[in-house]
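Below is one structure, written out as structure tokens, with a few remarks after it.
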Amino acid sequence: MKNKLLLIAAFSMLIYSGCKLEDNPTNAVTTASLATTSDGLLNAVNGAYALFKDHEVFEGTTDLNNMYLRQYFQMSDFASDDVVCGQVTTDPFFLTFSLGFTPTQQNASYFWYISYKIISDANTVIEAGSKISNPSAAQQQLIGECYFLRAFCHFNLVRFFAEPYTINPTAPGIVLRTSTTDPAIKARSSVKDVYAQVIADAIKSSTLMTDGASRGVTFATKEAAEALLSRVSLYEGDYQSTITYSNAVISSGKFTEATASDYKTLFANAQTDKETIFCIAFDALDDYGKLGSLASQYYSNGNSGWGEEYASQPLRDLYAQNPSDVRTSYIDDDLDSSGAQQYKNGIPIYYVTKFSFQGGSPTLSSPIMFRLSEMYLNRAEAEANLGQTSAALTDVDFIRSNRGLSGALYNGTVPTGQTVLGAVLQERRLELAFEADRTFTVYRNKQSMNKTYWGYHLQGLQASDINLSVAPANYPNMIIPYTSTKIIYYIPEAEILSNTAATQNP
């Protein structure tokens, strides 16, 4: 999992109608023959999905640590207060834990690179599709999927590399790439303009995709586009639109909330579970094992993973308030044969298994990008912000009743010492832990991230310093306000050097 493992793998690159995509992160792909064969469009679109999970050549090397999804979860959750690091490491993810961001850190640079590669592929398909006379429903579906992928990738980029919309919508966002003829030298659009493009693309995708042409939850669908619109609207602070799009997904009748018993296998069976709206499909051939899987960061059954990142103490304390909460089934307390707690460098080991056990494999899953629970939570947060207390708590109770907490429902009453928004955000944390949500939720709500717990995110920490009976003190970056420049990543240096119109983050 570390740089010491810069293992060079001879993974084959995806070929689209005989033409390999170019390796420039934001330069448009010039391939123009995707629609010349019956399978050209389909192969190209499927290739775009594969880029979420493949280990692509980057800076002349294939590094098994480099994968869109690995970086997506790493860059978000490792910066949050839900995950604790069990050691100091030279792996670039440690810069995320310690908030020591640099313009050259590899995980952020690769994420930028591969995101624009997916966007380039989407643009190429969209333009090829526009040349098809009277496209069939199946062809419109594929074009719609590419509008979705372009929106999804632009949105994720602006969340990582720009200030939240609710803090500063006029701040520099990211470079919008919506055409294969875009100039290489192009300035960053504002956060507001990026959101406008994301929303336009997501709406367009939803109009092109139909039930009859849907390819299932491992590909984009009309409901996946509406789920994206629900999320984007919430992040923008457009609460009425959040409710509208959440309602559209919920009322579609295509998804069912996992019950308390079903929830325990939800993530291992993401491709077939009724709660999944959209996931990235992995199969046995995509099981990277210890070297490069998502699960290897969070879990090890001996030697299946590195198991160096664990559920944090504040998150575990929150779950402990209700021991019947089935969501704790994804936190695996590492005990020895005598039942004694195991530690790594003074940090108690509590593995996370949300990315494990598809087909029984400890290192395989199909990561969920959108699921039904989020739609209820998005709606609840919007309702809370609109003063609709009863509706918000009803949505929260719906989640809780399906997580083993039927005896701990709010029943329309805000808990003592909390606000309705606070209750919603707490439920969001419990439900969406380790799903690339927490960091963004804290900062877009203009809150501080509290990382005052023992772990090697604390700069200068030695194992001998750790005293689990008291809270740590006097370490830098324990409380990160939403006004800090540390809440976003630097634009990668390679982009700044090659694109002279792009400005750097402070």
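A few points about this structure:
- Test: residue in region 367-376 that is open to solvent by 40 Å² or more (accessible area, probe 1.4 Å) and touching a residue at least 60 places away in the same chain (Cβ under 8 Å): no
- Being among the aliphatic types (A, V, I, L, M) and either modelled with pLDDT under 95 or over 19 Å from Ala196 (Cβ atoms) (or both) is not true of Ile167.
- Considering residues of region 236-287 that are under 20 Å from the mean Cα position of the chain (by Cα) and in a helix (DSSP H, G or I) only, the residue farthest from Leu405 (Cα to Cα): Asp286
- When Leu430, Leu377, Leu364 are checked against the criterion of being among the aliphatic types (A, V, I, L, M), modelled with pLDDT of 95 or more and assigned to a loop (DSSP other than H, G, I, E, B), Leu364 stands alone in meeting it.
- Phe398 open to solvent by 50 Å² or more (accessible area, probe 1.4 Å), closer than 24 Å to Tyr239 by Cα and in contact (Cβ under 8 Å) with a residue 60 or more places away in the chain: yes
- If you check Gly455, Gly460 for being assigned to a loop (DSSP other than H, G, I, E, B), surrounded by 15 or more Cβ atoms within 10 Å (Cβ to Cβ) and either touching a strand residue (DSSP E or B) at 6+ places or on another chain (Cβ under 8 Å) or in the same structural domain as Pro169 (by TED's automatic domain parsing) (or both), only one passes: Gly455.
- Within region 247-263, the residues that satisfy the criterion of being surrounded by 18 or more Cβ atoms within 10 Å (Cβ to Cβ) and either not hydrophobic (A, V, I, L, M, F, W, C) or not assigned by TED's automatic domain parsing to the domain that holds Ala225 (or both) are Glu257, Tyr263.
- Criterion: of a type in the set (D, E, K, R), under 20 Å from Tyr482 (Cα atoms) and surrounded by 22 or more Cβ atoms within 10 Å (Cβ to Cβ) - qualifying residue of Arg438, Arg444: Arg438
- In region 282-289 there is at least one residue that is of a type in the set (Ser, Thr, Tyr) and either touching a residue at least 12 places away in the same chain (Cβ under 8 Å) or outside the structural domain of Val217 (by TED's automatic domain parsing) (or both).
- Helices (runs of 4 or more DSSP H) contained in region 1-106 and holding at least 2 residues farther than 29 Å from Asn499 by Cα and modelled with pLDDT under 95: 40-50
The values are calculated or read from the model by the stated rules, or taken from the named source; none is laboratory data. Computed from a prediction, not measured in an experiment: that's the story for all the values here. Every residue, glycine among them, receives a Cβ derived from its backbone with ideal geometry; neighbour counts consider all protein chains shown. To get the accessible areas, we keep the full protein, side chains included, count just its heavy atoms, and leave off ligands, DNA and RNA. Shrake-Rupley method; radii C 1.70, N 1.55, O 1.52, S 1.80 Å.
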